[in-house]
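Each value in this text was obtained by applying a stated rule to the coordinates, not by laboratory testing. Note that the structure is a prediction, hence the values are computed from the model and not measured. Here the Cβ is made from the backbone with ideal geometry for all residues, glycine too, and neighbour counts use every protein chain on show.
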């Protein structure tokens, strides 16, 4: 049974999260904190109850003024310049420990002293510091117009990082980024993979003849690279996910590329168990999807950048490609498809990132934060 130390029952904990509009990797991290601290209040810019789990919904949730804007949960990214104002609207929170889970503005949430602020940082604000081309388009009018806004956001992001007493990064890649952008040290605690839920199929089972992508369909995920490469190669590819790029991706996809839209966790698990391999074409700060797939025994083809280099083992659980080109991806897929893989070895790699290991890491950092 997953647990935090029992002597923390009297600890007054509050939680902060950027926004609640879906159940992605960050929300899975938050969900475990909600289970560990069932009485903790939660502060977030906006909340769509239909998009997150009951574990998250079943608590006192405080939202910002953005919550009252019609259609905000679909169009919130356009309101990015207002996010600092929105988070400033929260009064300092009374808590022994405020735990923010943040890739944007949640780390700017204030705690009333002598309370302490622990930030589990998925990355410094990605669109302000990195990935400008992926988010706004290379040398585009949108990027030109965004430049002064992003410069102001970088300045604000650096200043409010001082509100955090202790940073945790989700990978060495992110810890280095926290140090470079904020001038702060960060401890390393990897995000959790539900290795109890994601498991290989029982008994002997042949893998299918299709490859798989599970991703939000947004520019920086580089699903476009996989679509173009597979359309060219003719191999069967199934894509799970929705996002702003859906129509554009469909328009360039061949008949061998199938878009499945959103799928339940159970359906995704079945696909992990059945696929020949998982394709991970983008650069991620950690990347939970490849590890879910590996918990089900599937090998991975991944771009050799970011968190994947820390979590996947070359030639034992994954094949890497060094440049984001169709030729490089097609060659890596061919190598992966002709390699003999050990399901046990692949599964053991994922088990290093269990939910209990995540909770233990968070607990160690809370203890250090509260030590005299």
Revision key, fill the gap. The helix 223-233 Cα axis meets the longest alpha-carbon principal axis of the chain at an angle in degrees, between 0 and 90 and rounded to 10, of 0
Exercise for review: Counting only DSSP beta bridges with both residues in segment 211-351, tell me the antiparallel percent, nearest 5.
Suggested key: 0
Revision key, fill the gap. The chain, Kirkwood Rh and Cα Rg, ratio Rg/Rh at 0.96
Study note, to complete from the structure: For segment 257-372 the translational diffusion coefficient, Stokes-Einstein from a Kirkwood Rh over Cα pairs at 37 °C and viscosity 0.692 mPa s, in µm²/s, is roughly 213
Check your understanding: Among 76, 120, what is the fewest-to-most ranking by other Cβ atoms within 10 Å?
Key -> 76, 120
Revision key, fill the gap. Per its Cα gyration tensor (rounded if a/c is under 1.5, else prolate when a/b beats b/c, else oblate), segment 20-130 is best filed as rounded
Revision key, fill the gap. Length gained if residue 267 through residue 334 is fully extended, taking 0.36 nm per residue and subtracting the Cα-Cα distance, is 21.5 nm
Check your understanding: Once both axes come from the Cα atoms, what is the angle between helix 25-36 and the longest principal axis of the chain, in degrees from 0 to 90, rounded to 10?
Key -> 50
Revision key, fill the gap. At the level of C-alpha centres, the distance separating segment 244-296 and segment 73-95, in angstrom, is 31
**Study point:** Angstrom value of the Kirkwood radius, inverse mean 1/r, which spans all Cα pairs in segment 1-71
**Key:** 12.8
Exercise for review: Among 109, 246, 367, rank each residue by its count of other Cβ atoms within 10 Å, from fewest to most, as a rough exposure measure.
Suggested key: 367, 246, 109
**Study point:** Estimated [θ] at 222 nm from DSSP helical runs (n ≥ 4, -39500 (n - 2.57)) normalised by residues in the chain, nearest 500
**Key:** -11000 deg cm²/dmol
Review point. For segment 168-232, what ratio Rg/Rh do Cα atoms give with a Kirkwood hydrodynamic radius?
Key: 1.14
Study note, to complete from the structure: Neighbour-count ranking for 23, 125 (other C-beta within 10 angstrom, fewest to most) reads 23, 125
Review point. Using a ≥ b ≥ c from the Cα gyration tensor of segment 289-333 (square roots of the eigenvalues), is it rounded, prolate or oblate, where a/c under 1.5 gives rounded and otherwise the larger of a/b and b/c decides, a/b for prolate?
Key: prolate
Practice item. Ratio to report: Rg/Rh of segment 192-294, with Cα atoms as the point set and Rh obtained by the Kirkwood method; give two decimals. Key: 0.96
Study note, to complete from the structure: Between residue 152 and residue 172, Cβ-based FRET efficiency (R0 35 Å, step 0.05) works out to 0.75
Point to revise | Theoretical gain in end-to-end length, residue 207 to residue 162 [0.36 nm per residue, Cα-Cα removed] | key: 11.2 nm
Study note, to complete from the structure: Here the gain from full extension of residue 179 to residue 220, 0.36 nm per residue of separation minus their alpha-carbon distance, amounts to 12.5 nm
